[in-house]
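What follows draws every value from the coordinates through simple rules; no lab data is involved. As the structure is a computational prediction, the values presented were derived from the model and not from experiment. With ideal geometry, Cβ positions are generated from the backbone for all residues, glycine too; neighbour counts draw on all protein chains shown.
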Amino acid sequence: MKFIKQALVVTALAAAACSAYAQEQFIPAIDYRVGPYAAGGSGFFGGAIDYMTLVNEKGGINGVKLVWEECESEYNPTRGVECYERLKKKNGGAALVEPLSTGIAYGILDRVAQDKIPMTTLGYGRSDAADGRVFPYVFPLITSYWDQAAAMIKYLGDKAGGLDKLKGKKIVHLYHDSAFGKEPLPVLDAYAQKLGFELIKIPVAHPGNEQQAQWLQIRQAKPDYVILWGWGVMNATALKSAQRNGYPREKILGVWWAGSEEDVIPAGEAAKGYTTMTFNTPGNYPVLDEIRKKVYAAGKGNLEDKSRIGSVYHMRGVTAAILWTEAIRKAQEKYGKGKVMTGEQVRWGFENLNVDDARLKALGAFGMMPPVKTSCLDHEGSGAAKVQQWDGVKWKAVTPNWITGDKAMIRKMVEESAAKYAVEKKITPRDCSKEG
Amino acid sequence: MFYREAGQFKSSYAADSQIFPIRQDRIGFGLIIAFAFLGVPLLAALGIVSNYTFTAILTPFLIFSLAALGLNILTGYAGQLSLGTAAFMAVGAFGAYNFMLRIDGMPILLAFILGGLCAAAVGIVFGLPSLRIRGFYLAASTLATQFFVVWFVTKVGWFTNYSTSGVISAQKIRMFGYTFNSSMSKYLFVLGVVSVLTLLAKNMVRTNIGRSWMAIRDMDMAAEVIGFRPMRTKLMAFAVSSFYCGVAGALFAYAYLGTVEPEGFNLDLSFRILFMVIIGGAGSILGSFLGSAFIVLLPIFLNIFLLFLETSLHLELPSGISSSIELMVFGGLIIFFLIVEPHGLARLWQIGKEKLRLWPFPH
């Protein structure tokens, strides 16, 4: 009871200390900067906060400044839910939420719909949330796991000289033995059946710092490609084991969680030539220069290590913040420029995003990410990805264009899965023809 | 002065063996329960206690207390170290989910009990090694439960109703035509379940069953000599403990998170619950609650407090520093409490009670 009293006093004081000002749009940052996943959390949220600082430096969104508050979740669902509950009503209410953690995203999935706060899950979370009729408040923007798996097959097919050339080939799916690693299986199975390649599934138990048996199996199977659906320490171990077993890294294609500097540098030489998926094109962009000039030069940067500007996770954070601010901008166009938007209004903005190449050029981020156009039916907006290769020093894009897999097939699977979810949860899907 | 039992005579056997033999304790506890059931909702209705308090503080606190209580029965009372708590929670959660899903018109409480019974069955199976091995070796074998259950639930699609991501979405809690939708109703639901189960546990540890557990814990050879059958006693402890953890897992899924993935019940969670027992006090019902409060709530308060300091003093700390400080302070406090009182917070409370009895005239 004593704790609760303390809590009340502290929260009351905290609330009084930072009461809302007019013309401020609040965005909670449920991040994680300590613990085993700190590298991803600090990079991603560092990037997002840097971009939001930049937007503020340039006068905000039509004069509306962005404010945010960080809350440490330690990647732990219980802490994450607490952060969400603590911040959702603060400073006039949260405009959106992005936990960058599957566990937390699931923990607040039902809550966001109740609280009318849109949630973005960039590149993770439920793939079937792309169906906006069943999941009005969830936005797996740019690309879901399923679309990514489809893009992988498309890329491997192109590499082999056409999708039909994959017939009779052997592809190993080396995956983290968890919900995350199993997520793409339905897509890969469907492709294996359709294109006639042999899919060998090899699970790696968490955390995956011992893979001798798995790579022995791979060596015996002599696959044409290995898909590495890994996470954390498993990635560097896989690359080192591949080197030891003489499997060429050029034939390994990683998921994007296996494609950051933090994944390859620990593997050292073994990572050279390794390819992964990404939804950003590595490189430098005007928006990053602007962040360096206007944010970091003024001492307002969020990263402690400036060399991480433009790293994979940082760029993903910038990408996320670009989409957030564009959604708020879009919402302002409908509900009043220069006004603070509610979560419900921002949701409309997310659903009507149209960040095309021209807009990306204006933002200084042309080519950094695929164009995103969402609708009531499609909350993903793109489905495109690129392949990048580690040259031992930095990532380089291998595919000049954005690649997408069989969108129609994925869409069918998304709709089936979402419909099943709707039945289970007794949700009546929205009628998209009635949405404005 | 106030906390004195002089003049309280017990004239019957029942009065002598009641849970709270001291009148002040009875009154105090009655007040706490009344406050939890009536006072808190009243404060909420008046707008003093916010929704946040229910959903983010009280509900998880109660659920983790129940899980810690479950582990405390096994580790604290029966002396069997276990690292599989989260796995038993998972069995309870996925069990309840499947009972609700597959059987039409299944009452939710029955589903929870059946989920708990599934966990108890799994507990008995994985408790079998305890008949031959003890201590750290047993901990290592319960570790197998942890990995096996999470792997099994991910592997066999049936448990998750063939959800591609292995994630289950808990059904709504409905009872007698009433749907527990609001955070307040969910809190009361959890409070009700936890209260009943705690009362049950308290009585269990005071009767023959509990004494047999403690006898086994203190010296199993001697316990066997005086007539306790180790197999039955140990497996009983595993079953009861797993049942509690299972119900806690079901509550975790239904009344708190709503959507859970098997990975949510990982080793990390098992360790956290074990820490609750160690910090709160092994072999104490109260300790489970104190430990849960310490592990679940303290980091949150530290976080809020540091944030408050930062804003009120206008400190421009680099990002991430406050998170690190929070972790350090929390770790420091754990060490501090363990040095001050290795028997846990419950023991600290007991010492305080002794002091209070003599206050203000110590010998």
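Explain nothing, just the number: relative contact order of chain B, from Cα pairs under 8 Å at least 6 residues apart, as a whole percent.
28
Student exercise: in chain B, how many lysine pairs 8 or more apart or on different chains have Cα atoms under 27 Å apart?
9
Mind checking the mean number of beta-carbon atoms from other chains within 10 Å of the Cβ atoms in B:49-57?
6
May I ask you to list the lysines whose Cα is less than 19 Å away from that of A:Lys65, ignoring any residue fewer than eight positions away on the same chain?
Hits, sequence-local ones excluded: A:Lys88, A:Lys89, A:Lys90, A:Lys294, A:Lys300, A:Lys330, A:Lys334, A:Lys337, A:Lys339.
Cα-based Rg (one decimal) and Dmax (whole number) for segment A:39-104, in Å?
Spelled out, the Cα radius of gyration and Dmax of segment A:39-104 are 12.9, 37 Å.
Within 10 Å of each Cβ in peptide A:69-82, how many partner chain Cβ atoms are there on average? Round it to a whole number, please.
Numbers: counts 2, 6, 5, 12, 2, 6, 1, 5, 10, 13, 6, 1, 7, 11.
That average works out to 6.
Which trypsin sites (Lys or Arg not before Pro) from segment A:366-436 combine a DSSP loop assignment with at most 12 other Cβ atoms within 10 Å?
Those that pass, being in a loop and sparsely packed, are A:Lys426.
Please list, in chain and number order, the residues 5+ apart from A:Ile202 or on another chain whose amide H is under 5 Å from its amide H, with Hs placed from the backbone.
Excluding prolines and chain starts, which carry no amide H, the hits are A:His173, A:Leu174, A:Tyr175.
Determine the sum of side-chain charges near A:Gly46: Lys and Arg each +1, Asp and Glu each -1, restricted to other residues whose C-beta is under 11 angstrom from that of A:Gly46.
Residues near A:Gly46 contribute -1 overall.
Report, in listed order, any pair from A:Lys170/A:Lys420; A:Lys167/A:Lys407; A:Lys251/A:Lys373; A:Lys272/A:Lys361 with a Cα-Cα distance greater than 24 Å.
A:Lys170/A:Lys420; A:Lys251/A:Lys373; A:Lys272/A:Lys361
Please turn the phi angles of segment A:393-404 into ³J(HN,Hα) values with the Karplus equation 6.51 cos²θ - 1.76 cosθ + 1.60 (θ = phi - 60°), one per residue in order, whole Hz, x for glycine and proline.
Each residue of segment A:393-404 in turn: 10, 8, 7, 9, 6, 9, 9, x, 10, 6, 10, 10 Hz.
Starting from the Cα coordinates of chain A, work out the convex hull volume and express it per residue in Å³. Write out the running numbers ahead of the final one.
Numbers: hull volume 64.5 nm³, N = 436.
So the per-residue hull volume is 148 Å³.
Quick one: if you stick a label point 7 Å off each Cα along the C-beta vector at B:Ala34 and B:Tyr178, how many nm between them?
Simple spin-label model gives 2.1 nm for this pair.
For every helix of n ≥ 4 consecutive DSSP H residues, a contribution of -39,500 (n - 2.57) applies; sum these over chain B, divide by its total residues, and give [θ] at 222 nm rounded to the nearest 500 deg cm²/dmol.
Mean residue ellipticity at 222 nm (helix-derived): -20500 deg cm²/dmol.
Karplus couplings for segment B:169-180 from phi (6.51 cos²θ - 1.76 cosθ + 1.60, θ = phi - 60°), rounded to Hz, Gly and Pro as x?
10, 5, 6, 6, 8, 10, 9, 6, x, 10, 9, 7
Over segment B:237-363, what is the mean sequence separation of C-alpha contacts under 8 Å (at least six apart), divided by residue count, expressed as relative contact order in percent? Let's see the in-between values first.
Values: 80 pairs, mean separation 29.9, N = 127.
After rounding, I find 24 percent.
Once you list every other residue whose beta carbon is under 11 Å from the beta carbon of A:Ala151, what net charge do they have if Lys and Arg are +1 and Asp and Glu are -1?
Within the 11 Å Cβ shell, the charges total 0.
Counting trypsin sites (Lys or Arg not before Pro) as exposed when in a DSSP loop with at most 12 other beta carbons within 10 Å, what is the longest stretch of chain B free of them?
B:133-363
Considering only DSSP beta bridges whose two residues both sit in the protein assembly as shown, what percent are antiparallel, to the nearest 5?
35
Place +1 on the Cβ of every Lys and Arg and -1 on the Cβ of every Asp and Glu in segment B:50-358, take the dipole about the Cα centre, and give the residue among B:Ser165, B:Leu74, B:Ala140 whose Cα lies farthest towards its positive end.
Ranked along the dipole, the leading option is B:Leu74.
For segment B:50-358, report the % of Cα-Cα distances exceeding 23 Å.
58
If amide hydrogens are placed 1.01 Å from N in the peptide plane, which non-local residues have theirs closer than 5 Å to the one on A:Asp378?
Under 5 Å from the amide H of A:Asp378 lie the amide H atoms of A:Gly132, each far enough along the sequence or on another chain.
Quick one: dipole size for segment A:26-74, taken about the Cα centre, charges +1 on Lys/Arg Cβ and -1 on Asp/Glu Cβ, in debye to the nearest 20. Present the calculation step by step, with values, prior to reporting the outcome.
Details: 3 positive and 7 negative charges, 45 e Å.
That gives segment A:26-74 a dipole magnitude of about 220 debye.
Taking only DSSP H segments of four or more residues, each worth -39500 (n - 2.57), what value at 222 nm results for chain A once the sum is divided by all its residues, to the nearest 500 deg cm²/dmol?
Details: 16 runs with 181 residues, N = 436.
Rounded to the nearest 500, the figure is -12500 deg cm²/dmol.
Per residue of segment B:36-49, in order, report the coupling 6.51 cos²θ - 1.76 cosθ + 1.60 (Karplus, θ = phi - 60°) as ³J(HN,Hα) in whole Hz, putting x for Gly and Pro.
For segment B:36-49, the Karplus curve yields 5, 7, 10, x, 4, x, 5, 4, 5, 4, 7, x, 7, 9 Hz.
Given charges of +1 on the Cβ of Lys and Arg and -1 on the Cβ of Asp and Glu, with all other atoms neutral, how large is the dipole of the protein assembly as shown about its Cα centre, in debye to the nearest 20? Mind dumping the intermediate values first?
Values: 80 positive and 63 negative charges, 186 e Å.
Approximately 900 debye in magnitude.
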